[in-house]
Amino acid sequence: MSDTVRCPDLNSPLTIRRDAYGVAHIEAQTEHDAWFGQGFAAAHDRLWQMEYDRRRAVGRWSEAAGPAGLAADRLAVRLGLESAAKADLEAMAPEVRAMFEAYARGVNAYLATNPALPPEYALTGLAPEPWEPWHSLALFKIRHILMGLWQWKVACAGVFARVGPETWAKLQFLPAAGTSVIVPPGDKIARLYLHASEEIGAAAEHIGFLSEIEAGSNSWVVSGSRTTTGKPVLCNDSHRALDVPNAYWQGHGACPGFNVPGATFAGFPGFPHFGFNGSVGWNITHTQADYQDLFIEKFEGADAGSYLTEAGLLPAERETHTIRVRGAASEVVETWRTRHGPVVHGDPRSGMAIALSYTAMKPGKRPFDGLRATIAATNLAELFDAQRTWVDPVNNLVAADTSGNIGYMVRGDIPVRASKAGRRLPVPGWTGEHEWLGSVPFDQLPRSINPAEGFVATANQRVIASDEPYISAYFASPSRADRLVELLGTGETLAPDAVSGFWDDTTSKPARTWARFLAGQGPLDGDAERARAMLAAWDGNLLPERGEPLLYAYFRRAVMRELFAPVVGDDTWAFLTTDLNPGLGRIASGLVAEVVAHLHEGAQPPDGRPWPAVIAPALEQAWRNTLSLAGDNPAAWSWGEKHQTGSRNPLSAVFPDAGLDPPSAGIGGDADTIKNAGYGISGKRDFVISQTSVYRQVVDFAEPDAASYIIPGGVSGDSRSPHFADQLPLWAACQRIPMHRLAGEELPLWRGLSPE
């Protein structure tokens, strides 16, 4: 339906057109109005998602979720993202701040139309409040603070506290840290580590930790020297938690200064992660860089008002916050801050607590000053230079341009540390030995332009072979990256459809390794032999219509326990596989990945048992579990029937009958395949997919106007909208919808906006 709205904050008339999937295409005469239009359209599509993000960022989610949201709000209040967001806004270059201000005016102009609100407002009794520019920054920060290594370090500390230094030293789940442990887990510190894990678990469902168990992303670009058209092909496959609505919102903004479709967070202006401006296309994956450290602080004095440093006591910054709770009494929360950052875990009044150092909360930075330059870049060099001030998250940026260049760079702020001690565990905050000394200079961050191989492939794997500059002690299992290189590294000339078709690849290199290993074992007895024979004859392809992937999924879970529960103990293994802290799942997955990586070299079980003693009970359990779940006819087993998306609205736990969730889709693959579809390792929801591809984009530079993208849902966050889940079937089939970058395409006018 077409109509015109009078908006006093507009410079000139603008139009917003909607394509067949409801994606907004904004045509403006000035940049101010383009950002205004983006805010207006995002609020129409995703108003409640924006509400959720700004509330969970500042500790106001309990006003919607009631008492269930309190643990999340306590943690959010401790983080202090509101003050960090406001500081970033104050530091912005004027032209970039103008983007955020125009965007906020657009959101508020939409609210002024007195729109029909998403159903979540009626359920919670809330009304939307005016949007402020800093809300966009707080939203961005809460979506990225969860991607750092803070939770993983808490998980490492919790395991260390449980098993002790001797067993800890035997656990090979990542490259060696290069240093001995500084702070042995005495009783008080051990309790602090475990308490930190409990706090993360309590906050998980409502602050957004829960689904990030085996998260990761893929991106690849192939040079014209390797394609049948002689032009580059740029692809990405971003993986995040499977949110409702989807994490990314598609949009298109055009004005005299730029013409860019892509994806961003609803509530955030520009296209910081994915876009194509007609000259340059770009996408990102997570580098897994280490830019969050945990410091154990010693507190003293009345009400823990001081903390210890190498120079003596310093006063702690303390504040009091009131958390309002829907349907219950308000709660008063105290927060502390030291020189290292906010206290995120523990009670300073007990004498010890943990503070978080995080690059995105350090003052004096201007992390978003490159947003405008990114969308205006005319070539790869300009795009890369626009990332000079980028801080968080640290990304693998992959790009190509119309001149035929392809390239890769690490963008973001990576600290230079005085010691290596904090790479896996919290460190003492009172000695001065583990401080940050600065950042890796921009020109020393890894990059590659037009590599001789003719392609770049990223999948959260290790970035460089050396340890300098130090990037991280944790990287994802190399299985997806190895498979991409296997497909891209043949030297063959590839058609564009073949390059983008890798998205649908469901071959798991670890599954293939296990199948070959099992072929050399046995024969075993009974159900164990039935499982062994079925997996040994399998090619490791987790196709949705096949039954072997379901059996393998149960075997993978069972063999992990058989391998490592005897080493760490049953209680610690149960702790590692709770799904509450994503860092725990990463440790468990890393342990088994290390074994799989060396199976062909004759790796032995870590507790010294012979392999038959390990695999026989795991195979037997896997066979019986599969029979119980899928029936006694293996020919009828189907991975896709049991391995389905399980997207849940953040309020579904509070209002389970409100119809807020989208339908499910069954797909192949798992967390180790390019078609990434991970699930929790605890078994609580069997194989419901908790994280997967949340945005795919293809730019074929032989046909740039045919650029395309897809999300696992729809552009609207309103469960009543026809565009709530209309892209889901296409996404499941690895199809895409057009970006419609060309101006003047015949798209229906949705809304005209005019100055008063």
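The values are calculated or read from the model by the stated rules, or taken from the named source; none is laboratory data. Because the structure is predicted, anything quoted here is derived from the model rather than measured. Every residue, glycine among them, receives a Cβ derived from its backbone with ideal geometry; neighbour counts consider all protein chains shown. Areas reflect the complete protein model, heavy atoms only, side chains present, ligands, DNA and RNA absent. Shrake-Rupley method; radii C 1.70, N 1.55, O 1.52, S 1.80 Å.
Of the candidates V398, V344, V416, the single residue that is open to solvent by 10 Å² or more (accessible area, probe 1.4 Å) and in a strand (DSSP E or B) is V416. Candidates in the stretch 705-755 are the residues that are within 28 Å of S279 (Cβ to Cβ) and charged (D, E, K, R); of these, the one that is nearest to the chain's Cα centre (by Cα) is R736. Could you check the stretch 717-740 and list, in sequence order, the residues that are open to solvent by 40 Å² or more (accessible area, probe 1.4 Å) and within 19 Å of G39 (Cα to Cα)? Matches in the stretch 717-740: H723 only.
Checking each residue in the stretch 594-621 for being under 27 Å from R162 (Cβ atoms) and either touching a helix residue (DSSP H, G or I) at 6+ places or on another chain (Cβ under 7 Å) or hydroxyl-bearing (S, T, Y) (or both) picks out V595, V596, A603, P605, P606, D607, V614, I615, P617, A618, Q621. Given the structure, is L543 at pLDDT 85 or above and in a helix (DSSP H, G or I)? No. Checking the stated criteria, K684 turns out to be in contact (Cβ under 8 Å) with a residue 60 or more places away in the chain, basic (K, R) and surrounded by fewer than 17 Cβ atoms within 10 Å (Cβ to Cβ).
Examine the stretch 364-378 for a residue that is in contact with a helix residue (DSSP H, G or I) (Cβ under 9 Å, 6 or more places away or on another chain) and part of a strand (DSSP E or B), and state whether such a residue exists. The answer is no; no qualifying residue exists. Taking the stretch 558-613 as the range and being of a type in the set (K, R) and farther than 23 Å from E529 by Cβ as the test, only R586 passes. The one condition from (1) of a type outside the set (S, T, N, Q); (2) crowded, with 17+ Cβ neighbours inside 10 Å; (3) within 30 Å of R483 (Cβ to Cβ) that W750 does not meet is (3). For the stretch 666-681, filtering for residues that are acidic (D, E) and open to solvent by less than 10 Å² (accessible area, probe 1.4 Å) leaves 1.
Assigned to a loop (DSSP other than H, G, I, E, B) and under 27 Å from the mean Cα position of the chain (by Cα) - does that describe any residue in the stretch 97-116? No, the stretch 97-116 contains no residue that is assigned to a loop (DSSP other than H, G, I, E, B) and under 27 Å from the mean Cα position of the chain (by Cα). Filtering R532, R561 for residues that are open to solvent by 50 Å² or more (accessible area, probe 1.4 Å) and either in a helix (DSSP H, G or I) or among the small types (G, A, S) (or both) leaves a single hit, R561.
Scanning the stretch 59-82 turns up no residue that is within 22 Å of G364 (Cβ to Cβ), open to solvent by 50 Å² or more (accessible area, probe 1.4 Å) and free of Cβ contacts under 8 Å to residues at least 24 places away in the same chain. Residue count for the stretch 419-452, restricted to those that are among the acidic types (D, E) and assigned to a loop (DSSP other than H, G, I, E, B): 2. Scanning the stretch 435-452 for residues that are closer than 24 Å to K420 by Cβ and surrounded by 14 or more Cβ atoms within 10 Å (Cβ to Cβ) yields E435, W436, S439, V440, F442, L445, P446. I'm trying to understand the selection: among the residues of the stretch 338-347, which are at pLDDT 95 or above, farther than 17 Å from G432 by Cα and not hydrophobic (A, V, I, L, M, F, W, C)? P342 - this is the single residue of the stretch 338-347 that is at pLDDT 95 or above, farther than 17 Å from G432 by Cα and not hydrophobic (A, V, I, L, M, F, W, C). Of the listed requirements (1) more than 23 Å from the chain's Cα centre (by Cα); (2) touching a residue at least 40 places away in the same chain (Cβ under 8 Å), V698 misses just one: (1).
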